[in-house]
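The values are calculated or read from the model by the stated rules, or taken from the named source; none is laboratory data. Computed from a predicted structure; not experimentally measured. Don't worry about glycine lacking a Cβ; one is built from the backbone with ideal geometry, like all the others, and counts go over all protein chains shown. Remember, those area values only see protein heavy atoms, side chains included, never the ligands or the DNA or RNA. Shrake-Rupley method; radii C 1.70, N 1.55, O 1.52, S 1.80 Å.
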Amino acid sequence: MIYTDCRIQSFLQGRIHAALLRNLPCQQFGSFSLSCFSPGTSALEMALAPLIFLAVLALVHHPLMVSDHTDLATLDRLQEREKLMKTEMGRLQTEFDQKGWSWDPRQSREDWVTTDPAAEDGTWDGWHYVALVILILFGCCGRTKEKEPGYDWSTDSSSTTTFGEEDYDDTDTESECDESKQKMLETFYDQHVELETSGLTSTCDFVETFVNDLLEACRGALPYQNIHPVLENCIGVDSAFEGWHTQTPSKAFHVLVPVLPPKGHSFHIETSESEGAPSTHGHILVETECVCKRERFLGDVVCFLHHPEQELSSGKQGIYLFHVLCTSFHLDVEKTIHWFQGLVGKAWPSIQPWYNFDLVPQPSNSTCRLKLVYQSGTSISVDIILGVQQGDSLVFLTTQPAEMDRLTGTVWQKSYAVQELLFFQWVSLRVPEESCHLKCLQIIIYFKESSPSEGKNMVLTNYHYKTCLMHLLLSQPPLDWGPESSAQRLQDILLYMHTALQERYLQHFVIGNISLPIRIPMPNVLRRATPVNLFRHLAEDPNLHAKAMKEFAEVVQPVRALLTGYRQ
(Lines give C-alpha, C1' and ligand atoms only; values in the text may rest on other atoms or scores of the structure.)
Protein backbone atom coordinates (compact mmCIF):
# COMPACT_ATOMS: atom_id res chain seq x y z
CA MET A 1 0.00 0.00 0.00
CA ILE A 2 2.83 2.40 0.84
CA TYR A 3 4.60 1.45 -2.35
CA THR A 4 1.49 2.22 -4.40
CA ASP A 5 1.14 5.69 -2.86
CA CYS A 6 4.73 6.49 -3.76
CA ARG A 7 4.24 5.44 -7.40
CA ILE A 8 1.16 7.62 -7.69
CA GLN A 9 3.09 10.59 -6.29
CA SER A 10 5.95 10.16 -8.81
CA PHE A 11 3.51 9.76 -11.70
CA LEU A 12 1.66 12.97 -10.78
CA GLN A 13 4.89 14.94 -10.45
CA GLY A 14 6.02 13.86 -13.91
CA ARG A 15 2.76 14.85 -15.52
CA ILE A 16 2.80 18.24 -13.87
CA HIS A 17 6.34 19.00 -15.05
CA ALA A 18 5.44 17.95 -18.58
CA ALA A 19 2.42 20.21 -18.60
CA LEU A 20 4.44 23.14 -17.38
CA LEU A 21 7.07 22.67 -20.04
CA ARG A 22 4.46 22.51 -22.80
CA ASN A 23 2.62 25.51 -21.29
CA LEU A 24 -0.64 23.54 -21.45
CA PRO A 25 -3.54 23.51 -18.95
CA CYS A 26 -3.37 20.88 -16.26
CA GLN A 27 -5.74 17.94 -16.50
CA GLN A 28 -7.47 16.07 -13.76
CA PHE A 29 -5.38 13.33 -12.29
CA GLY A 30 -7.15 10.68 -10.25
CA SER A 31 -9.39 12.30 -7.65
CA PHE A 32 -7.50 15.59 -7.56
CA SER A 33 -7.96 18.61 -9.86
CA LEU A 34 -5.55 21.54 -10.29
CA SER A 35 -6.28 25.07 -11.43
CA CYS A 36 -5.71 25.75 -15.08
CA PHE A 37 -2.76 27.96 -15.99
CA SER A 38 -3.41 30.61 -18.56
CA PRO A 39 -0.76 31.52 -21.12
CA GLY A 40 -0.15 34.79 -19.28
CA THR A 41 0.71 33.21 -15.97
CA SER A 42 4.00 34.37 -14.51
CA ALA A 43 6.95 32.02 -14.16
CA LEU A 44 6.96 32.47 -10.34
CA GLU A 45 3.35 31.34 -10.05
CA MET A 46 4.06 28.43 -12.31
CA ALA A 47 6.99 27.43 -10.14
CA LEU A 48 5.05 27.71 -6.82
CA ALA A 49 2.09 25.68 -7.99
CA PRO A 50 3.87 22.31 -7.93
CA LEU A 51 5.31 23.07 -4.50
CA ILE A 52 1.85 23.85 -3.03
CA PHE A 53 0.43 20.69 -4.59
CA LEU A 54 3.20 18.56 -3.16
CA ALA A 55 2.71 20.08 0.32
CA VAL A 56 -1.03 19.29 0.26
CA LEU A 57 -0.36 15.78 -1.03
CA ALA A 58 2.19 15.21 1.74
CA LEU A 59 -0.31 16.32 4.42
CA VAL A 60 -3.00 14.01 3.09
CA HIS A 61 -1.03 10.86 2.33
CA HIS A 62 2.02 11.19 4.59
CA PRO A 63 4.17 9.50 1.96
CA LEU A 64 7.34 7.73 2.86
CA MET A 65 10.53 9.24 1.52
CA VAL A 66 11.40 6.62 -1.01
CA SER A 67 12.81 6.69 -4.48
CA ASP A 68 10.76 6.42 -7.62
CA HIS A 69 12.69 3.31 -8.57
CA THR A 70 12.21 0.29 -6.29
CA ASP A 71 14.42 -2.72 -6.67
CA LEU A 72 13.09 -6.27 -6.38
CA ALA A 73 14.59 -6.85 -2.92
CA THR A 74 12.83 -3.79 -1.49
CA LEU A 75 9.55 -4.81 -3.14
CA ASP A 76 9.78 -8.32 -1.67
CA ARG A 77 10.57 -6.89 1.74
CA LEU A 78 7.58 -4.55 1.60
CA GLN A 79 5.24 -7.36 0.52
CA GLU A 80 6.55 -9.58 3.31
CA ARG A 81 6.01 -6.73 5.79
CA GLU A 82 2.48 -6.28 4.50
CA LYS A 83 1.72 -9.98 5.07
CA LEU A 84 3.21 -9.77 8.53
CA MET A 85 1.03 -6.77 9.39
CA LYS A 86 -2.06 -8.55 8.13
CA THR A 87 -1.27 -11.53 10.34
CA GLU A 88 -0.65 -9.28 13.32
CA MET A 89 -3.87 -7.36 12.79
CA GLY A 90 -5.82 -10.62 12.56
CA ARG A 91 -4.32 -11.74 15.86
CA LEU A 92 -5.16 -8.40 17.51
CA GLN A 93 -8.71 -8.49 16.20
CA THR A 94 -9.17 -11.98 17.64
CA GLU A 95 -7.81 -10.79 20.96
CA PHE A 96 -10.10 -7.76 20.95
CA ASP A 97 -13.14 -9.93 20.20
CA GLN A 98 -12.28 -12.27 23.08
CA LYS A 99 -12.06 -9.34 25.49
CA GLY A 100 -15.37 -7.86 24.34
CA TRP A 101 -13.87 -4.67 22.94
CA SER A 102 -15.56 -2.91 20.05
CA TRP A 103 -13.89 -3.44 16.73
CA ASP A 104 -15.37 -2.76 13.33
CA PRO A 105 -14.46 -5.58 11.00
CA ARG A 106 -15.54 -3.47 8.05
CA GLN A 107 -12.54 -1.17 8.38
CA SER A 108 -10.36 -1.04 5.32
CA ARG A 109 -6.82 -2.21 5.31
CA GLU A 110 -5.70 1.41 4.90
CA ASP A 111 -7.09 2.06 8.39
CA TRP A 112 -5.08 -0.84 9.76
CA VAL A 113 -1.74 0.42 8.38
CA THR A 114 0.03 3.47 9.77
CA THR A 115 1.24 6.20 7.46
CA ASP A 116 3.17 8.12 10.07
CA PRO A 117 6.36 9.44 8.44
CA ALA A 118 8.16 9.06 11.74
CA ALA A 119 7.88 5.28 11.42
CA GLU A 120 10.54 4.91 8.83
CA ASP A 121 10.75 1.19 9.27
CA GLY A 122 7.12 0.80 8.28
CA THR A 123 6.03 -0.69 11.62
CA TRP A 124 2.45 -0.19 12.93
CA ASP A 125 2.21 2.76 15.36
CA GLY A 126 -0.85 1.38 17.20
CA TRP A 127 1.26 -0.60 19.58
CA HIS A 128 1.52 2.29 21.99
CA TYR A 129 -2.32 2.17 22.38
CA VAL A 130 -2.15 -1.52 23.13
CA ALA A 131 0.65 -0.87 25.58
CA LEU A 132 -1.44 1.87 27.25
CA VAL A 133 -4.40 -0.48 27.61
CA ILE A 134 -2.14 -3.17 29.08
CA LEU A 135 -0.69 -0.69 31.56
CA ILE A 136 -4.17 0.38 32.64
CA LEU A 137 -5.21 -3.24 33.15
CA PHE A 138 -2.08 -3.96 35.18
CA GLY A 139 -2.73 -0.83 37.23
CA CYS A 140 -6.28 -1.91 38.06
CA CYS A 141 -5.10 -5.38 38.98
CA GLY A 142 -2.37 -3.90 41.12
CA ARG A 143 -4.81 -1.75 43.08
CA THR A 144 -7.07 -4.76 43.60
CA LYS A 145 -4.18 -6.84 44.83
CA GLU A 146 -3.09 -4.05 47.13
CA LYS A 147 -6.52 -4.00 48.75
CA GLU A 148 -6.80 -7.74 49.19
CA PRO A 149 -3.93 -8.21 51.67
CA GLY A 150 -5.21 -5.29 53.74
CA TYR A 151 -8.74 -6.74 54.13
CA ASP A 152 -9.07 -8.29 57.58
CA TRP A 153 -11.13 -11.40 56.94
CA SER A 154 -10.88 -12.51 60.51
CA THR A 155 -12.38 -9.25 61.73
CA ASP A 156 -15.10 -9.37 59.13
CA SER A 157 -15.88 -12.97 59.92
CA SER A 158 -16.18 -12.26 63.58
CA SER A 159 -18.35 -9.22 63.01
CA THR A 160 -20.57 -11.15 60.65
CA THR A 161 -20.88 -13.93 63.12
CA THR A 162 -21.71 -11.48 65.85
CA PHE A 163 -24.44 -9.87 63.73
CA GLY A 164 -25.85 -13.24 62.86
CA GLU A 165 -25.86 -14.25 66.50
CA GLU A 166 -27.56 -11.00 67.49
CA ASP A 167 -30.15 -11.40 64.75
CA TYR A 168 -30.70 -14.97 65.81
CA ASP A 169 -31.14 -13.87 69.37
CA ASP A 170 -33.67 -11.21 68.33
CA THR A 171 -35.56 -13.75 66.26
CA ASP A 172 -35.59 -16.15 69.16
CA THR A 173 -36.85 -13.43 71.48
CA GLU A 174 -39.60 -12.40 69.09
CA SER A 175 -40.54 -16.03 68.47
CA GLU A 176 -40.72 -16.73 72.18
CA CYS A 177 -42.88 -13.62 72.66
CA ASP A 178 -45.28 -14.72 69.90
CA GLU A 179 -45.49 -18.21 71.37
CA SER A 180 -46.23 -16.74 74.78
CA LYS A 181 -49.02 -14.56 73.37
CA GLN A 182 -50.39 -17.51 71.47
CA LYS A 183 -50.52 -19.68 74.59
CA MET A 184 -52.24 -16.92 76.56
CA LEU A 185 -54.90 -16.50 73.88
CA GLU A 186 -55.51 -20.22 73.62
CA THR A 187 -55.80 -20.57 77.39
CA PHE A 188 -58.17 -17.62 77.63
CA TYR A 189 -60.28 -18.87 74.74
CA ASP A 190 -60.55 -22.37 76.20
CA GLN A 191 -61.52 -21.07 79.65
CA HIS A 192 -63.96 -18.32 78.72
CA VAL A 193 -65.13 -18.34 75.12
CA GLU A 194 -65.15 -21.96 74.02
CA LEU A 195 -67.12 -23.10 77.06
CA GLU A 196 -69.89 -20.73 76.02
CA THR A 197 -69.84 -21.74 72.36
CA SER A 198 -69.42 -25.48 72.78
CA GLY A 199 -71.96 -27.41 70.74
CA LEU A 200 -72.73 -24.37 68.61
CA THR A 201 -73.10 -26.35 65.38
CA SER A 202 -75.54 -28.85 66.88
CA THR A 203 -77.56 -26.02 68.43
CA CYS A 204 -77.82 -24.28 65.06
CA ASP A 205 -79.06 -27.47 63.44
CA PHE A 206 -81.64 -27.90 66.18
CA VAL A 207 -82.91 -24.32 65.83
CA GLU A 208 -83.35 -24.67 62.06
CA THR A 209 -85.20 -27.96 62.48
CA PHE A 210 -87.51 -26.53 65.14
CA VAL A 211 -88.34 -23.41 63.11
CA ASN A 212 -89.08 -25.45 59.98
CA ASP A 213 -91.41 -27.69 61.99
CA LEU A 214 -93.11 -24.59 63.34
CA LEU A 215 -93.50 -23.14 59.84
CA GLU A 216 -95.03 -26.35 58.58
CA ALA A 217 -97.54 -26.19 61.41
CA CYS A 218 -98.26 -22.55 60.53
CA ARG A 219 -99.05 -23.49 56.93
CA GLY A 220 -101.50 -26.09 58.18
CA ALA A 221 -103.14 -23.55 60.46
CA LEU A 222 -104.07 -21.23 57.58
CA PRO A 223 -107.74 -21.64 56.59
CA TYR A 224 -107.28 -20.47 52.99
CA GLN A 225 -103.93 -20.72 51.25
CA ASN A 226 -104.49 -18.04 48.61
CA ILE A 227 -105.20 -15.07 50.88
CA HIS A 228 -102.14 -15.24 53.16
CA PRO A 229 -98.42 -14.92 52.35
CA VAL A 230 -96.57 -18.16 51.67
CA LEU A 231 -93.88 -19.03 54.24
CA GLU A 232 -90.75 -20.72 52.90
CA ASN A 233 -88.27 -22.78 54.96
CA CYS A 234 -85.95 -20.74 57.11
CA ILE A 235 -82.31 -19.72 56.46
CA GLY A 236 -79.98 -19.48 59.45
CA VAL A 237 -78.09 -16.17 59.38
CA ASP A 238 -75.95 -13.90 61.53
CA SER A 239 -73.34 -14.76 64.19
CA ALA A 240 -74.44 -18.26 65.21
CA PHE A 241 -74.63 -19.68 61.69
CA GLU A 242 -71.51 -17.77 60.59
CA GLY A 243 -69.58 -19.39 63.44
CA TRP A 244 -68.63 -16.51 65.77
CA HIS A 245 -71.58 -16.63 68.15
CA THR A 246 -70.92 -16.06 71.86
CA GLN A 247 -73.55 -17.56 74.12
CA THR A 248 -74.99 -14.97 76.48
CA PRO A 249 -78.49 -14.91 77.98
CA SER A 250 -79.63 -12.15 75.64
CA LYS A 251 -77.97 -13.52 72.49
CA ALA A 252 -80.52 -14.90 70.04
CA PHE A 253 -80.26 -17.25 67.10
CA HIS A 254 -81.48 -15.44 63.98
CA VAL A 255 -83.32 -17.21 61.17
CA LEU A 256 -84.69 -15.60 58.02
CA VAL A 257 -88.04 -16.78 56.66
CA PRO A 258 -88.65 -15.80 53.00
CA VAL A 259 -92.21 -14.63 52.38
CA LEU A 260 -93.85 -15.13 48.99
CA PRO A 261 -97.09 -13.51 47.77
CA PRO A 262 -100.22 -15.67 47.75
CA LYS A 263 -101.75 -16.80 44.50
CA GLY A 264 -103.37 -13.95 42.65
CA HIS A 265 -101.01 -11.39 44.21
CA SER A 266 -97.52 -10.05 43.54
CA PHE A 267 -94.92 -8.13 45.53
CA HIS A 268 -93.11 -5.20 43.92
CA ILE A 269 -90.15 -3.72 45.78
CA GLU A 270 -89.90 0.05 45.66
CA THR A 271 -86.62 1.74 46.57
CA SER A 272 -85.41 5.30 46.37
CA GLU A 273 -82.10 4.42 44.77
CA SER A 274 -80.41 7.24 42.95
CA GLU A 275 -77.74 6.60 40.33
CA GLY A 276 -74.75 4.94 41.99
CA ALA A 277 -76.16 5.35 45.51
CA PRO A 278 -78.20 2.35 46.71
CA SER A 279 -80.75 2.84 49.42
CA THR A 280 -80.78 0.85 52.65
CA HIS A 281 -84.57 0.74 52.93
CA GLY A 282 -87.54 0.01 50.70
CA HIS A 283 -91.28 -0.47 50.43
CA ILE A 284 -93.22 -3.55 49.27
CA LEU A 285 -96.20 -2.84 47.03
CA VAL A 286 -98.92 -5.52 46.91
CA GLU A 287 -100.84 -5.88 43.67
CA THR A 288 -103.51 -8.32 42.52
CA GLU A 289 -103.24 -10.43 39.38
CA CYS A 290 -105.88 -12.13 37.28
CA VAL A 291 -106.23 -15.85 38.00
CA CYS A 292 -109.67 -16.36 36.47
CA LYS A 293 -108.53 -19.28 34.33
CA ARG A 294 -107.10 -21.10 37.32
CA GLU A 295 -110.23 -20.38 39.30
CA ARG A 296 -112.41 -21.69 36.45
CA PHE A 297 -110.42 -24.88 35.77
CA LEU A 298 -108.95 -25.81 39.18
CA GLY A 299 -111.16 -23.94 41.58
CA ASP A 300 -108.41 -23.67 44.25
CA VAL A 301 -108.10 -19.88 44.07
CA VAL A 302 -110.31 -16.84 43.79
CA CYS A 303 -109.51 -13.98 41.43
CA PHE A 304 -109.47 -10.99 43.73
CA LEU A 305 -109.05 -8.69 40.74
CA HIS A 306 -112.41 -9.50 39.21
CA HIS A 307 -114.51 -10.37 42.28
CA PRO A 308 -116.18 -7.62 44.27
CA GLU A 309 -114.85 -7.38 47.78
CA GLN A 310 -118.27 -8.01 49.32
CA GLU A 311 -118.35 -11.45 47.70
CA LEU A 312 -115.23 -12.43 49.64
CA SER A 313 -116.99 -12.85 52.95
CA SER A 314 -115.03 -13.95 55.98
CA GLY A 315 -117.10 -17.12 56.18
CA LYS A 316 -116.11 -18.18 52.69
CA GLN A 317 -112.61 -16.88 51.98
CA GLY A 318 -111.37 -15.36 55.22
CA ILE A 319 -110.12 -11.86 55.75
CA TYR A 320 -108.89 -9.94 52.75
CA LEU A 321 -105.07 -9.62 52.50
CA PHE A 322 -105.05 -5.84 52.09
CA HIS A 323 -107.04 -5.40 55.30
CA VAL A 324 -104.74 -7.61 57.36
CA LEU A 325 -101.16 -6.81 56.37
CA CYS A 326 -101.17 -3.64 54.27
CA THR A 327 -101.25 0.08 54.74
CA SER A 328 -102.14 1.90 51.51
CA PHE A 329 -101.43 -1.21 49.43
CA HIS A 330 -97.94 -1.61 51.00
CA LEU A 331 -96.94 -4.35 53.40
CA ASP A 332 -96.73 -2.99 56.92
CA VAL A 333 -93.84 -4.26 59.08
CA GLU A 334 -95.67 -4.31 62.41
CA LYS A 335 -98.90 -5.71 60.97
CA THR A 336 -96.99 -8.52 59.25
CA ILE A 337 -95.06 -9.42 62.41
CA HIS A 338 -98.16 -9.38 64.59
CA TRP A 339 -99.95 -11.57 62.06
CA PHE A 340 -97.11 -14.07 62.12
CA GLN A 341 -96.90 -14.04 65.94
CA GLY A 342 -100.59 -14.89 66.12
CA LEU A 343 -100.10 -17.64 63.58
CA VAL A 344 -97.25 -19.17 65.66
CA GLY A 345 -99.51 -19.16 68.72
CA LYS A 346 -102.07 -21.21 66.83
CA ALA A 347 -99.52 -23.63 65.36
CA TRP A 348 -97.44 -24.37 68.49
CA PRO A 349 -99.92 -26.72 70.25
CA SER A 350 -99.80 -29.11 67.27
CA ILE A 351 -96.05 -29.71 67.64
CA GLN A 352 -95.61 -29.12 71.37
CA PRO A 353 -95.62 -32.89 72.19
CA TRP A 354 -92.51 -33.29 70.04
CA TYR A 355 -90.37 -31.08 72.27
CA ASN A 356 -89.55 -30.99 75.98
CA PHE A 357 -89.49 -27.24 76.48
CA ASP A 358 -91.96 -24.42 76.86
CA LEU A 359 -92.35 -21.81 74.14
CA VAL A 360 -92.55 -18.30 75.59
CA PRO A 361 -93.21 -15.45 73.11
CA GLN A 362 -91.23 -12.25 73.73
CA PRO A 363 -92.45 -8.75 72.88
CA SER A 364 -91.09 -7.35 69.64
CA ASN A 365 -92.38 -5.21 66.79
CA SER A 366 -89.78 -6.28 64.21
CA THR A 367 -89.22 -10.01 64.76
CA CYS A 368 -91.05 -13.00 66.11
CA ARG A 369 -88.93 -13.50 69.24
CA LEU A 370 -89.35 -16.83 70.95
CA LYS A 371 -87.74 -18.18 74.10
CA LEU A 372 -87.33 -21.91 74.47
CA VAL A 373 -87.24 -22.68 78.21
CA TYR A 374 -86.16 -26.15 79.34
CA GLN A 375 -87.08 -27.75 82.66
CA SER A 376 -83.44 -27.50 83.71
CA GLY A 377 -83.68 -23.72 83.57
CA THR A 378 -81.57 -23.25 80.44
CA SER A 379 -83.07 -21.37 77.55
CA ILE A 380 -82.49 -20.55 73.89
CA SER A 381 -83.65 -17.34 72.25
CA VAL A 382 -84.76 -17.46 68.62
CA ASP A 383 -85.54 -14.44 66.44
CA ILE A 384 -87.62 -15.25 63.35
CA ILE A 385 -87.17 -12.52 60.74
CA LEU A 386 -89.57 -12.19 57.83
CA GLY A 387 -88.15 -11.08 54.48
CA VAL A 388 -89.18 -10.51 50.87
CA GLN A 389 -86.60 -11.39 48.23
CA GLN A 390 -85.58 -8.68 45.79
CA GLY A 391 -85.93 -10.21 42.34
CA ASP A 392 -83.65 -13.16 41.65
CA SER A 393 -80.93 -11.92 43.98
CA LEU A 394 -80.37 -13.00 47.55
CA VAL A 395 -80.97 -9.48 48.81
CA PHE A 396 -83.98 -9.33 51.14
CA LEU A 397 -86.15 -6.60 52.53
CA THR A 398 -86.65 -7.70 56.14
CA THR A 399 -88.63 -6.74 59.18
CA GLN A 400 -85.49 -6.57 61.32
CA PRO A 401 -83.92 -3.11 61.37
CA ALA A 402 -80.22 -2.42 61.48
CA GLU A 403 -78.70 -2.19 64.94
CA MET A 404 -78.77 1.60 64.84
CA ASP A 405 -82.14 1.98 63.06
CA ARG A 406 -85.79 1.55 63.93
CA LEU A 407 -88.35 0.62 61.32
CA THR A 408 -91.81 2.14 61.25
CA GLY A 409 -94.88 1.59 59.10
CA THR A 410 -94.21 0.31 55.60
CA VAL A 411 -90.42 0.85 55.65
CA TRP A 412 -88.46 -2.42 55.36
CA GLN A 413 -84.73 -2.86 55.93
CA LYS A 414 -82.45 -4.14 53.18
CA SER A 415 -80.45 -7.12 54.39
CA TYR A 416 -77.33 -8.74 52.95
CA ALA A 417 -77.18 -11.43 55.62
CA VAL A 418 -77.28 -14.27 53.07
CA GLN A 419 -74.31 -12.84 51.12
CA GLU A 420 -72.32 -12.50 54.34
CA LEU A 421 -73.20 -16.07 55.35
CA LEU A 422 -72.02 -17.34 51.97
CA PHE A 423 -68.81 -15.32 52.31
CA PHE A 424 -67.93 -16.99 55.61
CA GLN A 425 -68.64 -20.37 54.04
CA TRP A 426 -66.40 -19.44 51.12
CA VAL A 427 -63.61 -18.39 53.50
CA SER A 428 -63.87 -21.62 55.50
CA LEU A 429 -62.95 -23.59 52.35
CA ARG A 430 -59.72 -21.62 51.86
CA VAL A 431 -58.22 -20.89 55.26
CA PRO A 432 -56.13 -23.52 57.07
CA GLU A 433 -57.77 -26.07 59.32
CA GLU A 434 -58.63 -24.66 62.75
CA SER A 435 -58.06 -21.14 61.44
CA CYS A 436 -58.10 -18.25 63.88
CA HIS A 437 -60.38 -15.72 62.15
CA LEU A 438 -63.55 -16.70 64.04
CA LYS A 439 -61.72 -17.06 67.35
CA CYS A 440 -60.29 -13.56 67.04
CA LEU A 441 -63.73 -12.07 66.45
CA GLN A 442 -65.20 -14.08 69.34
CA ILE A 443 -62.54 -12.78 71.73
CA ILE A 444 -63.23 -9.19 70.67
CA ILE A 445 -66.99 -9.62 71.03
CA TYR A 446 -66.48 -11.24 74.43
CA PHE A 447 -64.57 -8.20 75.72
CA LYS A 448 -67.07 -5.83 74.09
CA GLU A 449 -70.02 -7.53 75.77
CA SER A 450 -68.12 -7.51 79.06
CA SER A 451 -67.28 -3.80 78.90
CA PRO A 452 -68.91 -1.21 81.21
CA SER A 453 -70.70 0.41 78.26
CA GLU A 454 -72.54 -2.76 77.20
CA GLY A 455 -76.31 -2.29 77.15
CA LYS A 456 -76.10 1.51 77.19
CA ASN A 457 -77.00 2.28 73.58
CA MET A 458 -73.53 1.46 72.34
CA VAL A 459 -72.30 3.17 69.19
CA LEU A 460 -69.97 0.38 68.10
CA THR A 461 -71.88 -2.80 67.33
CA ASN A 462 -70.86 -6.38 66.70
CA TYR A 463 -71.54 -5.79 63.03
CA HIS A 464 -68.85 -3.11 62.88
CA TYR A 465 -66.19 -5.49 64.19
CA LYS A 466 -67.48 -8.21 61.90
CA THR A 467 -67.13 -5.82 58.94
CA CYS A 468 -63.49 -5.14 59.83
CA LEU A 469 -62.82 -8.88 59.92
CA MET A 470 -64.48 -9.48 56.54
CA HIS A 471 -62.39 -6.76 54.89
CA LEU A 472 -59.20 -8.30 56.28
CA LEU A 473 -60.23 -11.80 55.21
CA LEU A 474 -60.64 -10.53 51.67
CA SER A 475 -57.38 -8.54 51.56
CA GLN A 476 -54.98 -10.95 53.29
CA PRO A 477 -53.83 -14.38 52.03
CA PRO A 478 -55.82 -17.28 53.49
CA LEU A 479 -52.66 -18.91 54.86
CA ASP A 480 -52.11 -15.91 57.14
CA TRP A 481 -55.07 -17.03 59.24
CA GLY A 482 -53.48 -20.20 60.58
CA PRO A 483 -54.02 -21.17 64.24
CA GLU A 484 -50.48 -20.01 65.12
CA SER A 485 -51.21 -16.42 63.97
CA SER A 486 -54.17 -15.58 66.23
CA ALA A 487 -52.27 -12.94 68.25
CA GLN A 488 -51.16 -11.02 65.16
CA ARG A 489 -54.54 -11.28 63.43
CA LEU A 490 -56.33 -10.11 66.60
CA GLN A 491 -54.18 -7.00 66.60
CA ASP A 492 -54.84 -6.50 62.87
CA ILE A 493 -58.60 -6.39 63.45
CA LEU A 494 -58.25 -3.83 66.23
CA LEU A 495 -55.84 -1.76 64.13
CA TYR A 496 -58.30 -1.79 61.23
CA MET A 497 -61.07 -0.59 63.55
CA HIS A 498 -58.81 2.10 65.02
CA THR A 499 -57.97 3.43 61.55
CA ALA A 500 -61.66 3.44 60.58
CA LEU A 501 -62.55 5.39 63.72
CA GLN A 502 -59.81 7.93 63.11
CA GLU A 503 -60.92 8.44 59.51
CA ARG A 504 -64.61 8.21 60.48
CA TYR A 505 -65.07 5.88 57.52
CA LEU A 506 -65.91 2.17 57.50
CA GLN A 507 -67.00 0.83 54.13
CA HIS A 508 -69.93 -1.54 53.93
CA PHE A 509 -68.56 -4.93 53.03
CA VAL A 510 -71.11 -5.88 50.37
CA ILE A 511 -72.35 -2.65 48.77
CA GLY A 512 -69.91 -1.28 46.22
CA ASN A 513 -67.32 -4.00 46.87
CA ILE A 514 -66.06 -5.06 43.43
CA SER A 515 -63.61 -7.47 45.09
CA LEU A 516 -66.42 -9.63 46.43
CA PRO A 517 -65.99 -13.22 45.17
CA ILE A 518 -68.01 -13.91 42.06
CA ARG A 519 -69.44 -17.06 43.63
CA ILE A 520 -71.46 -14.88 46.00
CA PRO A 521 -74.60 -13.83 44.07
CA MET A 522 -74.92 -10.08 43.98
CA PRO A 523 -76.62 -7.73 41.49
CA ASN A 524 -74.07 -5.87 39.37
CA VAL A 525 -75.77 -2.61 40.26
CA LEU A 526 -74.90 -3.16 43.91
CA ARG A 527 -71.38 -4.40 43.13
CA ARG A 528 -70.58 -1.22 41.24
CA ALA A 529 -72.54 1.10 43.46
CA THR A 530 -71.01 3.89 45.50
CA PRO A 531 -69.66 2.38 48.76
CA VAL A 532 -71.69 3.06 51.88
CA ASN A 533 -69.96 4.53 54.94
CA LEU A 534 -71.10 2.76 58.11
CA PHE A 535 -69.48 5.54 60.20
CA ARG A 536 -71.26 8.40 58.52
CA HIS A 537 -73.11 9.24 61.72
CA LEU A 538 -69.76 9.51 63.53
CA ALA A 539 -68.53 12.03 60.98
CA GLU A 540 -71.66 14.10 61.49
CA ASP A 541 -71.79 13.95 65.30
CA PRO A 542 -68.55 14.58 67.29
CA ASN A 543 -70.22 13.37 70.50
CA LEU A 544 -71.01 10.00 68.96
CA HIS A 545 -67.45 9.75 67.69
CA ALA A 546 -66.05 10.45 71.14
CA LYS A 547 -68.34 7.81 72.62
CA ALA A 548 -67.26 5.30 69.99
CA MET A 549 -63.59 5.96 70.79
CA LYS A 550 -64.32 5.37 74.47
CA GLU A 551 -66.08 2.08 73.73
CA PHE A 552 -63.19 0.99 71.53
CA ALA A 553 -60.69 1.76 74.29
CA GLU A 554 -62.69 -0.45 76.66
CA VAL A 555 -62.12 -3.34 74.26
CA VAL A 556 -58.47 -2.63 73.51
CA GLN A 557 -57.38 -2.40 77.15
CA PRO A 558 -58.27 -5.98 78.18
CA VAL A 559 -56.87 -7.32 74.89
CA ARG A 560 -53.58 -5.55 75.53
CA ALA A 561 -53.53 -6.83 79.08
CA LEU A 562 -54.21 -10.35 77.83
CA LEU A 563 -51.39 -10.23 75.28
CA THR A 564 -48.91 -8.80 77.78
CA GLY A 565 -49.80 -11.38 80.43
CA TYR A 566 -51.32 -9.07 83.02
CA ARG A 567 -54.83 -10.44 82.84
CA GLN A 568 -55.51 -13.19 85.33
> Along the principal axes of its C-alpha atoms, what lengths does segment 364-516 span, in descending order and rounded to whole Å?
Replying inline: 45, 45, 33
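Of all the C-alpha pairs in segment 487-568, what % are more than 22 Å from each other? Let's see the in-between values first.
Details: 1463 of 3321 pairs.
Looking at segment 487-568, the distances longer than 22 Å represent 44 percent of pairs.
Provide the net charge surrounding F253, with neighbours chosen by a C-beta distance below 12 Å and charges set as Lys +1, Arg +1, Asp -1, Glu -1. Numbers along the way, then the final one.
Values: positive: K251, R369, K371; negative: D205, E208, D238, E242, D383.
Its environment carries a net charge of -2.
If contacts are Cα pairs under 8 angstrom and at least 6 residues apart, what is the relative contact order of segment 471-568 in percent?
Details: 63 pairs, mean separation 24.4, N = 98.
In percent, rounded to a whole number, it is 25.
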>> Given points 7 Å out from each Cα along the Cα-Cβ axis, report the A73 to N533 separation in nanometres with one decimal.
In response: 10.7 nm
> Pulled fully out, how much extra length does the chain show between E88 and E434, if you take 0.36 nm times their separation in residues and subtract their Cα-Cα distance?
Replying inline: 116.8 nm
> With every protein chain left in place, what is the accessible area per residue of segment 337-444 in square angstrom, probe 1.4 Å?
Replying inline: 45 Å²
> Counting only the heavy atoms of the protein chains, how much of V230 is accessible to a 1.4 Å probe, in Å² to the nearest 10?
Replying inline: 50 Å²
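Determine the share of segment 409-451's accessible area contributed by carbon and sulfur atoms, expressed in whole percent, with a 1.4 angstrom probe. Could you put the intermediate results ahead of the total?
Numbers: 730 of 1450 Å².
For segment 409-451, the apolar C and S fraction of the accessible surface comes to 50 percent.
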> So how do S485, S376, S350 rank on accessible area, 1.4 Å probe, biggest first, that is with the largest at the start?
Replying inline: S376, S350, S485
>> Please report Rg (one decimal) and Dmax (integer) in Å for the Cα set of segment 343-399.
In response: 14.4, 45
> Where in segment 449-519 are there trypsin sites (Lys or Arg not before Pro) that are in a DSSP coil and have at most 13 other Cβ atoms within 10 angstrom of their Cβ?
Replying inline: K456, R519
>> Once R0 is set to 22 Å, what does the formula 1/(1 + (r/R0)^6) return for the Cβ-Cβ distance between E232 and Q352, expressed as a FRET efficiency to the nearest 0.05?
In response: 0.45
> Ratio of Rg to Rh for segment 414-453, alpha carbon only, Kirkwood?
Replying inline: 1.11
